[in-house]
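Here the structure is laid out as C-alpha cells; the discussion comes afterwards.
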Amino acid sequence: MHEDVKALVEAFGDGVEELPEFRGEHGIRVELAKLHDLLKHAREKLGYDFLLDVSSLDHFGDDPRFEMVYELATLDDRKHLRVKARVGEDDEVPSVVDLWLAADWHEREVFDMMGIRFSGHPNLKRILMWEGYPYYPLRKDFPLAGRPSEMPDVAFSGVAPLEGGPFVTSCGEGDARGREPRSRAME
C-alpha cells in the first residue's frame with residue numbers, strides 16, 4: 001500500500017470505503033461526510049498542494065448515482081493521488097475552494113454539466129450553459145440528440161453538420177490508428 005494511502009487510512013479508517021489502484025496509480029474512496037476533511041489532510045499534512053482536476057461520474061441506475069473524483073499532486077510531481085466519493089442525487093458535496101482556488105471553475109463545471117451541488121461554493125452558477133437551462137448535458141439520461149431549446153439560434157438541437165468538414169474518420173474499420181480523425185488533405 002502506498003505510504004500516503006496508508007496514512008489516510010490511519011487517519012480516516014472508519015470513513016474509507018475502498019482503496020482502488022489502477023496501473024500503479026493510487027486512490028482512495030471515502031464517505032462523502034469525510035471528503036473535505038480527508039482532502040484538507042492530504043493538502044496540509046501530506047503535501048498535495050496541486051489540484052489537477054475535479055470531475056464526476058454518472059453511474060445511472062446505481063444508488064448512489066454519482067461519484068466525485070479529485071486528482072491531487074505535488075508541485076514537484078513526485079506524488080499523485082486520486083480521491084473518490086460517492087454522491088446521491090440529493091446530496092451536496094462540500095466545496096474545496098477554501099483548499100485550492102482552482103476548484104472554483106471545476107466545481108462550477110460539474111454543477112453545470114451534472115447538476116451536483118457544492119455547499120460553501122462562493123459563486124455556484126453555470127459556467128458553460130446559460131442560466132435557467134433546465135437540464136444537465138453530461139448525465140447519462142440526457143438524450144444524445146439533445147433537447148428542444150427556446151433559443152434555437154444559440155443552442156440548436158439538430159444534427160451537427162460533419163459531412164464535408166475538414167476532418168474524416170472511419171468507424172469500425174482497421175486498427176485504432178486508422179480510425180483516428182485526420183485531415184482530409186492526408187487522404
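No lab work stands behind these numbers, since they all come straight from the coordinates. Note that the coordinates shown come from a computational prediction; the quantities given were computed from them, not determined experimentally. No Cβ is skipped: glycine too gets one built from the backbone with ideal geometry, and neighbour counts run over all protein chains shown.
Quick rundown of the values:
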read-out	value
Sequence of Leu19, Leu46, Leu72 once ranked by neighbouring C-beta atoms within 10 Å, starting from the fewest	Leu19, Leu46, Leu72
DSSP-assigned coil residues among trypsin sites (Lys or Arg not before Pro) in the stretch 43-136, each with at most 11 further Cβ atoms within 10 Å	Arg78, Lys125
Simple spin-label estimate for Arg23 and Phe142 in nanometres, 7 Å along Cα-Cβ	2.6
Residues of type lysines that Lys79 reaches as a straight line, Cα spacing below 26 Å, ignoring anything fewer than 8 places off in the same chain	Lys6, Lys34, Lys40, Lys45
Length-normalised contact order of the stretch 93-146 in % [C-alpha pairs under 8 Å, at least 6 apart]	33
Fewest-first ranking of Asp58, Asp77, using other Cβ atoms within 10 Å as the exposure measure	Asp77, Asp58
Fewest-first sequence of Arg23, Arg147 by Cβ atoms within 10 Å of each Cβ	Arg23, Arg147
